[in-house]
Amino acid sequence: MTIPEPADPALRSMIEQAIAAAGRAYIPYSHYPVGAALRTTSGAVFTGCNVENAAFPATICAERTALVKAVSEGQRDFDLLVVATRNGGSPCGMCRQMLYEFAPALRVVIADLNGRIHAELRLSELLPRGFGPHGLE
């Protein structure tokens, strides 16, 4: 597989990591692998894949897997998320909401499993008028 060369080598690495994470997905029901790579503002990268369950609500998405791994390691400041799917699918609403809690301005890059970028935008564009900690004040 050849991944097109983004101008930013760090972005290329993140895309590769997201694609590799998708390869570890447990997807016996949907057969739709998703990988995510979430970067902290200090440069650490946490990856995740989707993990399905016969009790469908117990399934966890790749984006939330990466986020929970990062938060469980004490990380709470994020600047970039790369999501890789078969067809450049976007993060679901639950993932958008959980990420918004920590980084409304998060840069989100959506790619396919061949490394082609389908979209690049801010999380606040994916979740306009999002509800976060400020909404509880």
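Where a number appears in this text, it was derived from the coordinates with a stated rule and is not lab data. Given the structure is predicted, the values throughout are model-derived calculations rather than measurements. Ideal geometry is used to build each Cβ from the backbone, glycine not excepted, and the neighbour counts take in all protein chains shown.
Averaged over residues, the count of other Cβ atoms within 10 Å places the peptides 125-131, 81-87, 12-18 in the sequence 81-87, 12-18, 125-131, highest first.
May I ask you to sort 102, 56 by Cβ crowding, counting other Cβ atoms within 10 Å and putting the fewest first? Kindly include the intermediate steps, with their values, before the conclusion.
Numbers: 102 18, 56 9.
Listing 102, 56 from fewest to most nearby Cβ atoms yields 56, 102.
Return the FRET efficiency for the residue pair residue 87, residue 137: r is the Cβ-Cβ distance, R0 is 30 Å, and the value is rounded to the nearest 0.05. All intermediate terms of the calculation are to be shown ahead of the outcome.
Values: r = 39 Å, r/R0 = 1.31.
Between residue 87 and residue 137 the formula returns 0.15.
Only Cα pairs under 8 Å and 6+ residues apart enter the sum, and on that basis the relative contact order of the chain stands at 21 percent. Give the percent of DSSP beta bridges with both residues in the chain that are antiparallel, rounded to the nearest 5. Beta bridges within the chain, antiparallel portion: roughly 70 percent. Here the chain is assigned +1 on the Cβ of each Lys and Arg and -1 on the Cβ of each Asp and Glu. Its dipole about the Cα centre then comes out at about 160 debye.
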